[in-house]
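Nothing in this text is a laboratory measurement; each read-out follows from the coordinates by a stated rule. On a predicted model such as this, the values are computed, not experimentally measured, just so you know. Reconstructed Cβ throughout: ideal geometry from the backbone, glycine too, with neighbour counts over all protein chains shown.
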Amino acid sequence: MHGSASSGWLLVALCAATGAYCLLRMRSGVEEQRRAAGGEALMGFGMAAMAVPAAVFTPPAWVWPAYAAVFGAAGLRALWAARSGRHHLHHLVGAAAMVYMAVVMAGSPAHAHGHGASGTPLLTGVLLLYFAGYVLLTGVRLIPVVTVAGGGPGAPPVPAPGGGAGSGGRAGAGWGDRPELARACRLSMAIGMLAMLLPL
């Protein structure tokens, strides 16, 4: 799906590392965290496998329909889970993007993993806009908020409440339960998704 082998391997490493971190997050004591992390681990490892350069491995034709089926099922699960929280809609869009890329690859097996795979320009554009917006919004949310103690000039900046591991809000939470780490995980996958959609 990518032109140069070095960029393909970087994408494989990013997605595999993200998937591995999501597996670790599945040890969370919070059930909702575990469910989300499981879906994100599937997405990370699926993206890593899809990004392997064609010079190393060209998958057989049956792989793409299997991808579409697996991520179609993941999309239905995300749609069902979206009843309880709208953040599952992002998982739905990610699964739909994976199904879309698998269908494009199945339709052009000679170009699988290479430039020239042609998707629907409008759908590709919509997905690119969504993931670019998600990357920007999530990146902004990861910037630490700093408030000024006392409000006077020259007063030292103080992290906002709940802003760090040593602050009162999150001292008892495990590192896998920290929301900023989950956001960074999703940000990495969204960047990977952008890189995979660009050649379509």
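When the alpha carbon coordinates of the stretch 59-108 are projected onto the principal axes, the ranges are 38, 13, 12 Å, largest first. Checking every one of the trypsin sites (Lys or Arg not before Pro) in the stretch 20-129 against DSSP loop status and a limit of 11 other Cβ atoms within 10 Å picks out ARG83, ARG86. At full extension, LEU79 and GLU32 could sit 15.4 nm farther apart than now, given 0.36 nm per residue minus the alpha carbon distance. Between TRP9 and LEU142, the contour length at 0.36 nm per residue exceeds the Cα-Cα span by 45.3 nm.
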